[in-house]
Ligand code: UDP
Ligand code: MG
């Protein structure tokens, strides 16, 4: 993925707001109003980047009009629906600000909270995420499944991915430049920011219900996000086959020994039973075990293919001094 713009320069705004839009025509008028209010409250210039993720309602038309009228508004129109995670990536890559704020367009991420995010950023935190303390108006099922997902993910990955945090966050320039160097296609954005380190902080807020329009995250999209979150940040499912294979193989050996013992010393063992049982259980165990081994290799290819940078530099000290290199 290539940045649409490169680094911030002297004329760039201080803040970039990134808002993914997918069929949000009912919310847009209210959103634009609230966002304009917020921009007025910020202590420096801000740009607002709307990313249209292939909407097929009137969203684009409305946004084009807004952008024509308001010099700080920008609009990226994606060629089709790429999904929320890619849409926010496109917006962030185009951002010129020093602090980039990503938020949902449906006002479930209240614009006022951005002021708190900014305050924390000024204290020196590179990444400030907004944590949902309460979720209003979301179904019991959505709350339960989300909470279960965060807990399972936490157990499965060494990467610190904060709980109950969506994609509502502020990231500084350094974090953004790092993000741009992560070209992985399976994008679980909140995990990627967890992975990169830096000083991170949280700001709590109560998540209100969606009052306009309806959720663009049906059940299957949530499952997709959850599966990709686990796959791209954990190799445990692959190792599971390895361990299962080992356990089954060990049991097969024991059981085989018993079957042979029975064949030798016990009366009334069916002809052919021993060999069948020994062969089947051993092969099953070996099979599972080999699947696990293949899994390990696939896992490492998987990690490699992602081409994540190997490390991230936060700051360099003393490198600006010139050092005479001994010539050979
Ligand atoms: N969204 C998007 N592409 C999609 C689905 C959603 O850009 O394929 C946007 C949507 O317009 C909204 C944000 O992502 O701004 C979050 O979606 P939604 O509010 O429907 O999710 P929920 O809050 O129900 O989890
Ligand atoms: Mg929402």
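Return a yes/no flag: does the range 13-32 have any residue that is in contact with a helix residue (DSSP H, G or I) (Cβ under 8 Å, 6 or more places away or on another chain), over 20 Å from residue 108 (Cα atoms) and modelled with pLDDT under 90.
Scanning the range 13-32, I find no residue that is in contact with a helix residue (DSSP H, G or I) (Cβ under 8 Å, 6 or more places away or on another chain), over 20 Å from residue 108 (Cα atoms) and modelled with pLDDT under 90, so the answer is no.
Name every residue in the range 69-97 that is out of contact with any strand residue (DSSP E or B) (no Cβ under 7 Å at 6 or more places or on another chain) and closer than 20 Å to residue 40 by Cβ, in order of residue number. Steps first, answer last, please.
Residues of the range 69-97 that are out of contact with any strand residue (DSSP E or B) (no Cβ under 7 Å at 6 or more places or on another chain), as a first pass: 69-71, 79-83, 85-86, 89, 93.
Those that are out of contact with any strand residue (DSSP E or B) (no Cβ under 7 Å at 6 or more places or on another chain) and closer than 20 Å to residue 40 by Cβ: 69, 70, 71.
With touching a residue at least 24 places away in the same chain (Cβ under 8 Å) and either in a loop (DSSP other than H, G, I, E, B) or at positive phi (or both) as the only criterion, which of 186, 167 stands out?
Within the list 186, 167, the selection yields 186.
From the list 239, 307, exactly one residue is exposed (fewer than 13 other Cβ atoms within 10 Å of the Cβ), more than 16 Å from ligand 2 (Cβ to nearest atom), touching a residue at least 24 places away in the same chain (Cβ under 8 Å) and more than 30 Å from residue 107 (Cα to Cα). Which is it?
On the way: 239 fails: exposed (fewer than 13 other Cβ atoms within 10 Å of the Cβ).
On inspection, the qualifying residue turns out to be 307.
Pull up the range 195-215, narrow it to residues that are within 10 Å of ligand 1 (Cβ to nearest atom) and touching a strand residue (DSSP E or B) at 6+ places or on another chain (Cβ under 9 Å), then point me to the one that is farthest from residue 56 (Cα to Cα).
In this case the residue turns out to be 207.
Mind listing whichever residues of the range 98-113 are more than 15 Å from ligand 1 (Cβ to nearest atom) and in contact with a strand residue (DSSP E or B) (Cβ under 6 Å, 6 or more places away or on another chain)?
Of everything in the range 98-113, those that are more than 15 Å from ligand 1 (Cβ to nearest atom) and in contact with a strand residue (DSSP E or B) (Cβ under 6 Å, 6 or more places away or on another chain) turn out to be 99, 100.
Before we move on, is residue 190 under 14 Å from residue 153 (Cβ atoms), within 16 Å of ligand 1 (Cβ to nearest atom) and surrounded by 14 or more Cβ atoms within 10 Å (Cβ to Cβ)? Don't jump to the end; show me each part of the working.
Details: under 14 Å from residue 153 (Cβ atoms): yes; within 16 Å of ligand 1 (Cβ to nearest atom): yes; surrounded by 14 or more Cβ atoms within 10 Å (Cβ to Cβ): yes.
Criteria met by residue 190.
Which of (1) modelled with pLDDT under 85; (2) within 29 Å of residue 140 (Cβ to Cβ); (3) surrounded by fewer than 18 Cβ atoms within 10 Å (Cβ to Cβ) does residue 267 not meet, given it meets every other one?
Against the list (1) modelled with pLDDT under 85; (2) within 29 Å of residue 140 (Cβ to Cβ); (3) surrounded by fewer than 18 Cβ atoms within 10 Å (Cβ to Cβ), residue 267 comes up short only on (2).
Quick one: which of 273, 263 is touching a helix residue (DSSP H, G or I) at 6+ places or on another chain (Cβ under 8 Å) and without any contact (Cβ under 8 Å) to a residue 12 or more places away in the chain?
From the options 273, 263, the qualifying one is 263.
Taking interchain pairs and intrachain pairs at least six residues apart, which have beta carbon atoms under 6 angstrom, with the first residue in the range 205-221 and closer than 12 Å to residue 104 by Cα and at pLDDT 85 or above and the second outside any loop (DSSP other than H, G, I, E, B) and near ligand 1 (Cβ under 8 Å from one of its atoms)?
none
Grab the strands (runs of 3 or more DSSP E) fully contained in the range 12-95, keeping just those with 3 or more residues being within 16 Å of ligand 2 (Cβ to nearest atom).
Where strands (runs of 3 or more DSSP E) fall fully within the range 12-95 and carry at least 3 residues being within 16 Å of ligand 2 (Cβ to nearest atom), they are 15-21.
Where residues in the range 78-96 are closer than 16 Å to residue 178 by Cβ and more than 8 Å from ligand 1 (Cβ to nearest atom), which of them is surrounded by the most Cβ atoms within 10 Å (Cβ to Cβ)?
Restricting to residues being closer than 16 Å to residue 178 by Cβ and more than 8 Å from ligand 1 (Cβ to nearest atom), the top hit is 95.
Using the structure shown, decide if residue 153 is outside any strand (DSSP E or B), within 16 Å of ligand 2 (Cβ to nearest atom) and under 15 Å from the mean Cα position of the chain (by Cα).
Answer is no for this residue.
The values are calculated or read from the model by the stated rules, or taken from the named source; none is laboratory data. Here the structure is a predicted model, which is why all the values come from computation and not from measurement. All Cβ positions, even for glycine, are placed from backbone atoms using ideal geometry, and neighbour counts span all protein chains on display.
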